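Chemist: Please see the structure below; I have some questions.
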Amino acid sequence: MSSLRYFWEPEETKRLVELFNIHGTDWNTIATIIGNNRTPEACKSHFKRSKFRDSHSPIPEKKIVTATTPTFTPQQKYDIQRRIQSINTNKKEVNKEEEEEEIDEYNSGDSDDSDD
């Protein structure tokens with residue numbers, strides 16, 4: 001008879017959520033700590049099915065979203081915009097210089113042909 005368990009005790013689910021808060025999506029580590037022959041896939045699947053099932057879940061959806069979405073202060077946003085503008089300006093200058101060099105090469109190539 002197999003020792004695999006297919007149902008989750010409430011305490012296991014609570015522990016699963018706690019471990020997720022500590023280890024994130026490292027399901028191998030979580031499964032090892034949970035024990036009871038729980039596979040990483042079983043832990044991941046149960047977590048996805050159960051994390052919002054209970055309205056008293058310690059991990060609200062908004063917390064997960066904001067944890068992956070960077071937020072910037074107004075000063076940081078300003079600095080980023082200035083850097084982007086600077087990069088774009090530099091690209092335009094480089095492109096203009098390259099275009100002028102190509103024109104010079106083309107023109108100098110025409111004059112070489114006329115000398116032959």
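Chemist: What length, rounded to one decimal in nm, is gained on full extension from T71 through to E11, with 0.36 nm per residue of separation minus their alpha-carbon distance?
Modeler: On the way: separation 60, 0.36 × 60 = 21.60 nm, distance 3.46 nm.
Between T71 and E11, full extension yields 18.1 nm more.
Chemist: A further question follows. Would you please put 9-22, 79-92 in order of how densely packed they are, using the mean number of other Cβ atoms within 10 angstrom per residue and starting with the highest? Could the numbers behind the result be given before it?
Modeler: On the way: 9-22: 14.9, 79-92: 10.2.
Put in order of decreasing packing, that is 9-22, 79-92.
Chemist: Heavy-atom accessible area of T32 with all protein chains present, probe 1.4 Å, nearest 10 Å²?
Modeler: Approximately 110 Å² for this residue.
Chemist: By accessible area of protein heavy atoms, probe 1.4 Å, what ranking do Y106, Y78, Y6 get, highest first? Could you put the intermediate results ahead of the total?
Modeler: Details: Y106 150, Y78 115, Y6 190 Å².
Accessible-area ranking of Y106, Y78, Y6, largest first: Y6, Y106, Y78.
The values are calculated or read from the model by the stated rules, or taken from the named source; none is laboratory data. All values derive from a computational prediction rather than experimental measurement. Neighbour counts are summed over all protein chains in view; Cβ atoms, including those assigned to glycine, are modelled from backbone coordinates with ideal geometry. We work out accessible area using only protein heavy atoms, side chains counted, and drop any ligands, DNA or RNA first. Shrake-Rupley method; radii C 1.70, N 1.55, O 1.52, S 1.80 Å.
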